[in-house]
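To start, the structure itself, in structure tokens.
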Amino acid sequence: DINPLFAGPSGVIAVDARISIAQAPSSQDRYDHVAIHPYPRHLVSHHHLPDGTPLTIRPIRPEDAENEAAFVRRLSPKAKRFRFMGALRELTNEMLVQFTQIDYRTEMTLIAAIEGKTPRQVGVARYAINPDEVSCEFAIVVSDDLQHQGIGTMLMQALMKNASDKGLTRIEGTVLRDNEDMLDLMRGLDFEQSMSVDDPDIILVSRAL
């Protein structure tokens, strides 16, 4: 607080000033004090598929755009319909930017990649924080050739932990009624299920974090 403050032809003079110091408010996130969140390297984790194949789960990076495009391109038409709720052949450049150049403060995308000379993306799960700032909406898809290998469970568990660490209290999503594999995954993760009042072909899933 500066009072009084005199300004004239020769300059500005602050006659009196007062500064109050207080501890910064506590935060769930270690990077809330910076304008742009750095890459959350601490979320990288290493796993193995049932046959011993090494699998890495990590946050997406802008340089993953090509792998993300190839991953979606390899999905079957059925898997694309389940993920994007409609017909989609491949991601547009605008969608690739949206999916890979994310703000880690308000959203999170985790990819599952098989290690090797050229790592291959085999799954992706993401959430975006809702306007209420206490819940988030998620989406997930796994490669057709690696279904029932535990990848979906590992991705969802990592995603839910990150959302909980962010201070969110609920995670929710929409699943097509004929997507039995996804509904089974949701049941296994203790998600509640209810039919959408707007569309009987859509099942709403949610659970507390």
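The values are calculated or read from the model by the stated rules, or taken from the named source; none is laboratory data. None of these values were measured; they are calculated from a predicted model. Don't worry about glycine lacking a Cβ; one is built from the backbone with ideal geometry, like all the others, and counts go over all protein chains shown. Ligands, DNA and RNA are stripped out before the accessible areas are found, and what is left, the full protein with its side chains, is counted by its heavy atoms. Shrake-Rupley method; radii C 1.70, N 1.55, O 1.52, S 1.80 Å.
Numbers below:
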{"read-out": "Neighbours by Cβ (under 7 Å, 6+ apart or cross-chain): first from segment 185-201, in contact (Cβ under 8 Å) with a residue 12 or more places away in the chain and more than 20 Å from Gln147 (Cα to Cα); second of a type in the set (A, V, I, L, M, F, W, C) and outside any strand (DSSP E or B)", "value": "Gln193/Leu183; Gln193/Met186"}
{"read-out": "Positions within segment 91-101 being more than 19 Å from His37 (Cβ to Cβ), open to solvent by 50 Å² or more (accessible area, probe 1.4 Å) and either within 9 Å of the chain's Cα centre (by Cα) or not acidic (Asp, Glu) (or both), in sequence order", "value": "Thr92, Asn93"}
{"read-out": "Residue count, segment 110-128 (criterion: exposed (fewer than 14 other Cβ atoms within 10 Å of the Cβ) and either touching an Asp or Glu at 6+ places or on another chain (Cβ under 6 Å) or among the β-branched types (Val, Ile, Thr) (or both))", "value": "1"}
{"read-out": "Residue in segment 102-109 that is more than 12 Å from the chain's Cα centre (by Cα) and crowded, with 18+ Cβ neighbours inside 10 Å present", "value": "no"}
{"read-out": "Count of residues meeting criterion [free of Cβ contacts under 8 Å to residues at least 24 places away in the same chain and closer than 14 Å to Ala208 by Cα] in segment 143-175", "value": "1"}
{"read-out": "Options Arg73, Arg81, Arg61, Arg120: the member that is among the basic types (Lys, Arg), more than 16 Å from Tyr39 (Cβ to Cβ) and out of contact with any strand residue (DSSP E or B) (no Cβ under 8 Å at 6 or more places or on another chain)", "value": "Arg73"}
{"read-out": "Among residues of segment 26-42, those that are open to solvent by less than 40 Å² (accessible area, probe 1.4 Å) and at pLDDT 70 or above, counted", "value": "2"}
